[in-house]
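The values are calculated or read from the model by the stated rules, or taken from the named source; none is laboratory data. Remember, predicted model here, so these are calculated numbers, not experimental data. Methodologically, a virtual Cβ is constructed for each residue, glycine included, from the backbone with ideal geometry; neighbour enumeration extends over all protein chains shown.
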Amino acid sequence: MKFKQPIPLQRGDKIAIVSPSSGMPFLFPWVYEQGLKQIRQIFKLQVVEFPTAKQSPEYLSKNPKARADDINAAFADPTIKGIIATIGGNDQIRILPYLDSEVIVANPKIFMGYSDNTNLHLFLWNLGIISYYGGSIMTQFAMGGGMQDYTIKLK
């Protein structure tokens, strides 16, 4: 299988913010907002919050299809150049049956997340799309005291 490497992000690109796993932004909005602020200020990216981004943990637990719909929509949208998960969680595997492989393969783009997002990383790997196991909005990007120097150097 030949792997597709997504196009690197550039300043000004639009990125989708999704919650394919848990709804921590609903519970800790100030942490979530700090992460978005860092993305905007340091990396100069345009943030597009998808519907699941700030939904409650209960809603997301009951609606794996809604979480998958956001992933599918982010891959399908030609104006979105990358996708970053808000945080990990514990039941992302439930979204996999609802993901549209054809849409995703036709529109490879950066996906970044960690922890439970390993499910989506493996899904993308099996489609031949390189993804990035790394920080999420509420952890790496919203860390108290600022991001790690290594992450900032990636800009």
Would you say MET143 is without any contact (Cβ under 8 Å) to a residue 40 or more places away in the chain, assigned to a loop (DSSP other than H, G, I, E, B) and over 25 Å from LYS4 (Cβ atoms)?
yes
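Does ARG11 fit the bill of being farther than 16 Å from PHE141 by Cα and among the charged types (D, E, K, R)?
Values: farther than 16 Å from PHE141 by Cα: yes; among the charged types (D, E, K, R): yes.
Yes.
Please return the ranges of helices (runs of 4 or more DSSP H) entirely within segment 15-63 where 2 or more residues are buried (at least 20 other Cβ atoms within 10 Å of the Cβ), among the charged types (D, E, K, R) and without any contact (Cβ under 8 Å) to a residue 60 or more places away in the chain.
Working: elements: 24-27, 29-43, 57-62.
Because the criterion is at least 2 residues that are buried (at least 20 other Cβ atoms within 10 Å of the Cβ), among the charged types (D, E, K, R) and without any contact (Cβ under 8 Å) to a residue 60 or more places away in the chain, no helices (runs of 4 or more DSSP H) in segment 15-63 meet it.
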Filtered residues of segment 114-130 (kept if within 20 Å of LEU45 (Cβ to Cβ) and modelled with pLDDT under 95):
TYR114, ASN117
Collect the residues in segment 33-67 that are over 15 Å from the mean Cα position of the chain (by Cα) and hydroxyl-bearing (Ser, Thr, Tyr), keeping them in residue-number order.
SER56, TYR59, SER61
Check PRO108 against each of (1) in a helix (DSSP H, G or I); (2) surrounded by fewer than 21 Cβ atoms within 10 Å (Cβ to Cβ); (3) under 15 Å from the mean Cα position of the chain (by Cα) and name the one condition it does not meet.
(1)
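Go through the residues of segment 88-100 one by one and say whether even a single one is out of contact with any Cys (no Cβ under 9 Å at 6 or more places or on another chain), β-branched (Val, Ile, Thr), surrounded by fewer than 17 Cβ atoms within 10 Å (Cβ to Cβ) and within 17 Å of PHE123 (Cβ to Cβ). I'd like the intermediate steps shown before the answer.
We begin by selecting, within segment 88-100, every residue out of contact with any Cys (no Cβ under 9 Å at 6 or more places or on another chain); these are 88-100.
Those left that are additionally β-branched (Val, Ile, Thr): 93, 95.
Narrowing further to those that are surrounded by fewer than 17 Cβ atoms within 10 Å (Cβ to Cβ): 93.
Next cut, within 17 Å of PHE123 (Cβ to Cβ) only: 93.
Yes, segment 88-100 contains at least one residue that is out of contact with any Cys (no Cβ under 9 Å at 6 or more places or on another chain), β-branched (Val, Ile, Thr), surrounded by fewer than 17 Cβ atoms within 10 Å (Cβ to Cβ) and within 17 Å of PHE123 (Cβ to Cβ).
Which residues, counting only those in segment 64-89, are in a helix (DSSP H, G or I) and of a type outside the set (D, E, K, R)?
Kept after step one, since they are in a helix (DSSP H, G or I), are these residues of segment 64-89: 64-76.
PRO64, ALA66, ALA68, ILE71, ASN72, ALA73, ALA74, PHE75, ALA76 - these are the residues of segment 64-89 that are in a helix (DSSP H, G or I) and of a type outside the set (D, E, K, R).
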If you scan segment 76-99, which residues turn out to be over 26 Å from GLN10 (Cα atoms) and not aliphatic (A, V, I, L, M)?
GLY89, ASN90, ASP91, GLN92, ARG94, PRO97, TYR98
